[in-house]
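The values are calculated or read from the model by the stated rules, or taken from the named source; none is laboratory data. As the structure is a computational prediction, the values presented were derived from the model and not from experiment. Here the Cβ is made from the backbone with ideal geometry for all residues, glycine too, and neighbour counts use every protein chain on show.
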Amino acid sequence: MSVTEIPPLPVREKSATRALSPMLTRLAEERATGILVREHGVLYLAEGRVVHAESALAPGLDVLLTAHGTLAAAAWQRAAAEAAGPLHAAELLLGSGLLPAGALELCHLDALYDAGYFALAPSSAPGRFRYDSGPRIGPLPSVPVVALERETLRRRLLLHRLWPDPAADSAPLIRADPGAAAPVTPRQRAVLDRVDGVRTATGIARNLGRQAFHTLVDVRRLAAAGHLTPLRPPPAPPPLPPVTDPDIALLKRLRDALEAL
């Protein structure tokens with residue numbers, strides 16, 4: 001990749017001190033309670049603080065809790081069946097004593113920052129906020145909007161420094177030439193073993209039960225070391241030549257000849 005081909009860092013604002021989402025900043029100042037729906041995720045606010053986040057690109061709290069034996073999958077399923085959503089299911093588990101408070105709080109924050117990173121990604125459509133009394137400050141930790149935005153920006157900068165091409169974040173991944181590749185860590189090996197030309201980085205994260213952002217870090221490091229590359233879409237076929245009057249006349253003669261047989 002030449003220097004001129006390196007994509008710019010995807011930060012919408014010119015200054016790092018400005019908000020990534022002016023709407024979110026205004027809602028924080030208002031101490032609003034409700035649900036902010038953005039193109040790549042959802043943020044739940046209570047009294048202007050972020051209490052929960054969800055994104056289709058990030059494994060949920062249930063995956064982070066159950067993938068490595070912190071919680072039995074059946075226990076989560078029972079709690080989820082009794083609760084209005086993942087946050088309330090987690091609170092039920094906390095109240096029942098099925099999970100140590102510290103482990104649940106850590107997984108909750110991991111899931112919040114992970115999904116929040118994708119929810120605050122640059123989008124092609126404006127966000128929509130619905131005032132709702134559902135989200136609330138509960139026993140699980142919440143975070144200030146400014147803290148989530150600061151961490152999101154830090155993560156963007158980290159990925160850009162590791163490998164500036166963001167194509168590997170969302171495209172299916174394929175193995176690169178292994179002869180030119182550097183050694184990998186056991187953590188990176190687990191990622192590389194799941195590269196099959198179909199899975200994306202976030203799909204690998206869900207398969208491993210890891211945070212999606214941490215998997216993006218591994219993927220960009222593996223791309224920088226020459227281990228993998230995104231599967232590029234095939235080039236568009238060249239346009240068909242225009243049909244001219246002689247072509248139309250020839251087609252008519254062929255049609256008439258076929259009908260006469």
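With respect to G85, determine if the residue is assigned by TED's automatic domain parsing to the domain that holds V143, modelled with pLDDT under 95 and within 23 Å of the chain's Cα centre (by Cα). Steps first, please.
Values: assigned by TED's automatic domain parsing to the domain that holds V143: yes; modelled with pLDDT under 95: yes; within 23 Å of the chain's Cα centre (by Cα): yes.
It is true that G85 is assigned by TED's automatic domain parsing to the domain that holds V143, modelled with pLDDT under 95 and within 23 Å of the chain's Cα centre (by Cα).
How about region 215-226: which of its residues are part of a loop (DSSP other than H, G, I, E, B) and either within 14 Å of A171 (Cα to Cα) or out of contact with any Asp or Glu (no Cβ under 9 Å at 6 or more places or on another chain) (or both)?
Filtering region 215-226 down to residues part of a loop (DSSP other than H, G, I, E, B) leaves 225-226.
If the condition is that a residue be part of a loop (DSSP other than H, G, I, E, B) and either within 14 Å of A171 (Cα to Cα) or out of contact with any Asp or Glu (no Cβ under 9 Å at 6 or more places or on another chain) (or both), then A225 is the only one that fits.
Out of all the residues in region 109-164, which are part of a helix (DSSP H, G or I) and of a type in the set (D, E, K, R)?
Here is the first cut: in region 109-164, the ones part of a helix (DSSP H, G or I) are 109-119, 145-162.
Residues satisfying the conditions are D110, D114, E149, R150, E151, R154, R155, R156, R161.
Which numbered condition trips up H227, out of (1) crowded, with 21+ Cβ neighbours inside 10 Å; (2) modelled with pLDDT of 95 or more?
H227 satisfies all of (1) crowded, with 21+ Cβ neighbours inside 10 Å; (2) modelled with pLDDT of 95 or more except (2).
Can you pull out the residues in region 57-83 that are touching a residue at least 24 places away in the same chain (Cβ under 8 Å) and not β-branched (V, I, T)? Talk me through it step by step, then tell me what you get.
Of region 57-83, the ones touching a residue at least 24 places away in the same chain (Cβ under 8 Å) are 57-68, 70-71.
Scanning region 57-83 gives L57, A58, P59, G60, L61, D62, L64, L65, A67, H68, L71.
Collect the residues in region 34-49 that are buried (at least 16 other Cβ atoms within 10 Å of the Cβ) and out of contact with any Phe, Trp or Tyr (no Cβ under 7 Å at 6 or more places or on another chain), keeping them in residue-number order. Lay out the reasoning, then the answer.
Quick first cut of region 34-49, residues buried (at least 16 other Cβ atoms within 10 Å of the Cβ) only: 34-36, 38, 40-46, 48-49.
Selection gives R38, V42, L43, Y44, L45, A46, G48, R49.
If you go through region 51-69 one residue at a time, how many are crowded, with 16+ Cβ neighbours inside 10 Å and either outside the structural domain of A119 (by TED's automatic domain parsing) or not in a helix (DSSP H, G or I) (or both)?
From region 51-69, those crowded, with 16+ Cβ neighbours inside 10 Å are 51-55, 57-67; that's our starting set.
From the residues that got through so far, the ones that are either outside the structural domain of A119 (by TED's automatic domain parsing) or not in a helix (DSSP H, G or I) (or both) too are 51-55, 57-60, 67.
The total comes to 10.
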